[in-house]
Amino acid sequence: MSKAVYQLEPLTCPSCIKKIETTLNKTDGIESAKVMFNSSKVKTEFDESKIKVEKIQETMQKLGYPVLASKQN
């Protein structure tokens, strides 16, 4: 299982968290996605054989949340 953390622009509302977490957790290959509201970061755990870091980033950007940086563990 791979892990990655994405830095987003500052989040302004709890519904942003729900929208990101719900979409990512329903995405095939993603084991878990957790949004940290105070730091505007998204922690993900995923199967790299099913989904790539870039695809997760692209999914968040399509939702309207620009990714400023990402770091894969």
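The values are calculated or read from the model by the stated rules, or taken from the named source; none is laboratory data. These numbers come from a predicted model, not from an experiment. For neighbour counting, all protein chains shown are included, and Cβ atoms are generated from backbone atoms with ideal geometry for every residue, glycine included. The area values use the complete protein model at the heavy-atom level, side chains included, leaving out ligands, DNA and RNA. Shrake-Rupley method; radii C 1.70, N 1.55, O 1.52, S 1.80 Å.
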Return yes when Tyr65 is in contact with a Cys (Cβ under 8 Å, 6 or more places away or on another chain) and buried (at least 16 other Cβ atoms within 10 Å of the Cβ) and no when it is not. yes
Counting only residues in the stretch 28-46 that are polar (S, T, N, Q) and under 11 Å from Ser2 (Cα atoms), the one farthest from the chain's Cα centre (by Cα) is identified as Ser32
What pairs can you find where one residue is in the stretch 1-22 and over 11 Å from Ser70 (Cα atoms) and free of Cβ contacts under 8 Å to residues at least 60 places away in the same chain, the other is part of a helix (DSSP H, G or I) and of a type in the set (Val, Ile, Thr), and their Cβ atoms are less than 7 Å apart, with a gap of 6+ or different chains? Leu11/Ile17
Residues satisfying the stated conditions in the stretch 40-56, i.e. open to solvent by 20 Å² or more (accessible area, probe 1.4 Å) and in a strand (DSSP E or B): Lys41, Lys43, Glu45
